[in-house]
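A quick write-up on the structure given underneath.
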Amino acid sequence: MTEWLVCSSFLLVGAAVSVPMVPSVLRAKLFFSLALFSAIADSIAVAPVFAGDATISGQIFFGWPLGVAVVGVERLSAFFLMIVAWFGLPAVALAGRFVPGSSGARAHWFFFGLLLLSMKLALVLDSLLHFLVVWEVMSLSSFFLVLMGNSGQQRRSAGLHYFVAMHVSVVFLMLGTVFLPEGHMRFSMMSGAESALASFVLLMTGFAFKMGLVPFHSWIPEAYPAAATHVSAIMSSLMSKLGVYGMLRTVLSGGFITETAAWLVIGAGILSAVSGITFSVIRRDIKEILSYSSMENLGIITAGIGLMMLGSVQSNAFMMWAGLAAALFKTLCHSFSKVVLFSAAGLVERAGVGRDIESMGGLSRRMPRVSLVFLGTAWASASLPPFGGVISEILLVLSMVAGLSTASPLATTGLVLVLVLLAMTGAIALLTWTRTWGIAFSGEPRSLAAQSAREGRVWESGLLWVPLIGLLLMGLFPALVLEWVSPVMDTIAGATLFPDASLAAWPLVHRAMISTLVSLSLPIAVFGGMVFLLLLVRWLLLRKREQGEATTWSCGWGTPDSRIQYTASSFSDPFVSVVRPVLHTEREGESVSGYFPETAGCHHHDDDPFRKKIIGRIGVFVSGVFSRFSWIQSGNMQQYILYGLVWLVAMLVWILVVA
C-alpha cells in the first residue's frame with residue numbers, strides 16, 4: 001500500500017517538474033493525466049483502509065536536515081485523501097483555460113503541482129515536524145499562485161495579506177507542538193501529553209486560520225478572487241479541508257474534550273456561518289460572493305464538529321453521531337459545490353464579462369450550459385432538496401434536538417440559539433443565491449460585454465456536471481454516502497474522546513440514524529421526481545409548437561432595458577437596511593424623489609467589521625511597534641557591519657560562558 005502512495009507522490013512531482021518543460025499546447029493535458037493517475041494510485045492505496053481495519057504505516061527518509069518522516073494513514077486521513085485526489089479534477093482539467101499569460105505559465109504549473117503534492121503529503125504524514133514542513137510548502141506554493149493571478153494590482157496586496165495570515169497560522173501550529181513533551185511529536189501520540197490544553201487551543205487556532213473562521217477570515221475575500229480561477233477552486237474546495245482535517249485530528253488525538261471547548265468550537269462555527277453568508281449578500285464581485293459562501297460552509301462544518309464534541313461530553317451517542325455525520329457530509333458537499341461555482345464563474349469571466357454581477361445579466365440565454373450548472377449548484381448551496389446540502393442541515397438539526405434531552409438549562413438555551421442562527425443562515429443563503437443567479441444570469445444584459453458574451457466549448461461546462469450529479473446523488477441516497485463514511489465515524493467514536501459507557505450504543509445509533517435518513521430520502525426523491533416530471537411534460541407539450549417571445553414590462557415603456565431591472569444593491573437593500581448598523585454600511589448619493597427625476601444614484605460602501613475593528617487595529621499596533629525600531633535600518637554600511645560584529649561577539653560569549 002505504501003508503494004502506491006509513493007507512486008502517487010512521484011506522479012505529482014513529475015507534474016510539477018516536467019509539465020513546465022513541455023510545449024504549452026501539451027501542458028494542461030499532461031498535467032491532468034498525471035493528476036488522474038495519481039488519484040487512481042491513491043485509491044488503490046487506501047482501499048484496504050476503508051475495507052477493514054488496516055492502516056498504512058512506514059517511513060520516508062528525506063535526508064539532512066529533515067531526517068526520517070513517519071507515514072500513517074488511517075480512515076480519517078484516507079477519507080480526506082480521496083477528497084483531495086478526486087474532487088479537484090474538474091478544476092485541474094480546466095486549468096489550461098485559466099493559466100495566466102505565457103510569461104509566468106511555467107512557474108504557475110510548477111507551483112500548482114507543488115500545491116497538490118503538499119496537500120496529499122500533509123494527509124499521510126504522522127510526525128508533526130514534517131507535517132509543519134509540508135504545511136509551509138503548501139502555504140508558500142499557494143502564495144505564489146495568488147501572486148500569479150489575473151487580478152492586476154489586487155493580487156499583490158491579496159498575496160501579502162495571505163502570506164501574513166498563513167504564517168501566523170504556522171506560528172500557532174508550531175507553538176502547539178512546542179508545548180508537547182518529547183515523545184509526543186506525532187498525531188497518534190498527542191493524547192498522552194500533559195499539556196493537552198495548551199496544544200489543543202494553539203493547534204485549533206492555527207487550523208482555524210487555514211479554514212478562514214471568524215475572526216481569522218480577512219484573507220479569504222482577497223486571496224480567492226485574486227488567484228486564477230482553478231487555483232481559487234482548489235483553495236476553496238480542497239485546501240480549506242486541510243484545516244478541517246487538522247481540527248478533527250486534534251480532537252481525535254488531543255484528548256482534551258470539555259464542554260467549554262465544545263461550545264467554543266460551536267460558537268466559532270455558527271458565528272462564521274452567519275457572518276460569511278451575511279457578507280456575501282452585499283457583495284458584487286462574484287468570486288467574493290463565493291469566498292464568503294465558502295466561509296459559511298466551513299462554519300457549518302465547524303459547528304458540526306463542536307456538536308460532536310458536546311455529544312461526547314454529555315455521553316449522548318445520537319448527538320455525537322448526527323453532529324459528526326453533518327460535518328463530514330457538509331465537507332463532501334462543499335468540496336463538490338465550490339469547484340463547480342468557482343469554475344463556472346471563471347468561464348463567465350473568461351467570456352469577457354468580468355466578475356461584477358452588476359455588469360452581467362441575460363447570460364442564461366447567451367451561456368445556457370454554464371447558467372444551468374451554476375443554477376443547480378447554487379440551488380444545492382442554498383441547502384434545498386433534492387441535493388445533498390439539505391441532508392447536512394437536517395443532520396445538524398437532529399444533533400441539536402438530540403442534545404436537548406441531556407443538556408443542562410444553560411446548554412439548552414445555547415442549543416436553541418444555535419438552532420435559530422442556523423435557520424437564519426439558511427434564509428440568508430437562499431437570498432444570496434437568488435440574488436446572485438437572478439442578477440447575473442436572468443433578465444436583460446447590463447453591459448455590452450454581457451450582450452456579446454458567448455459560451456465556450458461543450459466539454460468545459462460538461463465537466464462541471466459530474467460534481468453536480470454527485471450532489472444530486474448525495475441528496476437522493478444519503479444513507480449510502482454515510483455507510484461509506486461510517487468507517488471514519490467508527491474510528492472517531494472508538495477514540496479516547498468517546499466515553500466507554502456509551503460506546504456499545506454506537507452501532508444501534510448508527511442503524512437508527514441510517515433508517516431515519518432512508519425515510520427522509522423518500523420525500524426528497526419524490527420532490528426531485530416531480531420537478532423532473534414537470535420539466536419533461538413541459539418539453540413534450542412545447543417541442544412541436546411554435547414559440548415566440550414577447551416583452552413582459554411593456555406598459556408605458558417603449559423599449560424595456562436593464563435600467564428598469566433590479567440591481568444587486570436594490571435587491572438586497574431591504575435586508576441590508578436591517579443589518580446596516582452591524583455591517584457599518586454607508587450609503588452615498590441621493591435617492592429617487594418626485595415623479596420625473598432628472599438624475600439619481602447611490603452607492604453602498606461596506607467594510608468587514610471584523611477586519612476593520614480587530615485585524616485593522618492589530619495591524620496598526622504591530623506597525624507602530626516596529627516603527628520604533630526603524631532606526632536600525634539606517635542605510636549605513638558601516639553600521640550594518642557593526643551589527644554583525646556585535647552578533648558574533650555575543651555568540652562567542654554564549655558559547656564560552658553559558659553553553
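The values are calculated or read from the model by the stated rules, or taken from the named source; none is laboratory data. All of these numbers come straight from a predicted model, not from anything done at the bench. Backbone-built Cβ (ideal geometry, glycine too); neighbour counts: all protein chains shown. Ligands, DNA and RNA are stripped out before the accessible areas are found, and what is left, the full protein with its side chains, is counted by its heavy atoms. Shrake-Rupley method; radii C 1.70, N 1.55, O 1.52, S 1.80 Å.
Key figures
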quantity: Distance (nanometres) between label positions extended 7 Å along Cα→Cβ at Ser57 and Leu404; calculated: 4.6
quantity: Simple spin-label estimate for Asp490 and Phe621 in nanometres, 7 Å along Cα-Cβ; calculated: 4.9
quantity: Protection proxy ranking, peptides 355-361, 418-424, average beta carbon neighbours within 10 Å, highest first; calculated: 355-361, 418-424
quantity: Of Leu36, His510, Ser9, farthest towards positive along the dipole that unit charges on Lys, Arg, Asp, Glu beta carbons give the chain; calculated: Leu36
quantity: Relative contact order [Cα under 8 Å, 6+ residues apart], the chain, whole percent; calculated: 11
quantity: Candidate lysines - alpha carbon under 20 Å from Lys241, same-chain residues fewer than 8 apart omitted; calculated: Lys120, Lys210, Lys287, Lys330, Lys338
quantity: By average C-beta atoms within 10 angstrom, highest first, the peptides 530-543, 444-457; calculated: 444-457, 530-543
quantity: Residue-normalised accessible area of region 279-539, given per residue in Å² at a 1.4 Å probe; calculated: 35
quantity: Estimated dipole of the chain in Debye, rounded to 20 [Cβ of Lys and Arg +1, of Asp and Glu -1, Cα centre]; calculated: 1260
quantity: Residue-span extension gain [Ile564 to Val171] - 0.36 nm each, minus C-alpha spacing; calculated: 136.2 nm
quantity: Helix-only [θ]222 nm of the chain, DSSP H runs n ≥ 4, -39500 (n - 2.57) each, per residue, nearest 500; calculated: -22500 deg cm²/dmol
quantity: Gain on full stretching of the segment that runs from Val22 to Ile632 - 0.36 nm per residue minus C-alpha separation; calculated: 214.9 nm
quantity: With every protein chain in place, the chain: carbon and sulfur % of accessible area (1.4 Å); calculated: 69
quantity: Residue list for region 377-410, given a label point 7 angstrom along the Cα-to-Cβ vector of Leu533 and an amide N cut-off under 19 Å; calculated: 385-387
quantity: Estimated inter-spin distance, Ser577 and Val526, nm [label 7 Å along Cα→Cβ]; calculated: 4.0
quantity: Chain lengthening between Ala198 and Trp647 when straightened (0.36 nm per residue, less Cα-Cα); calculated: 158.3 nm
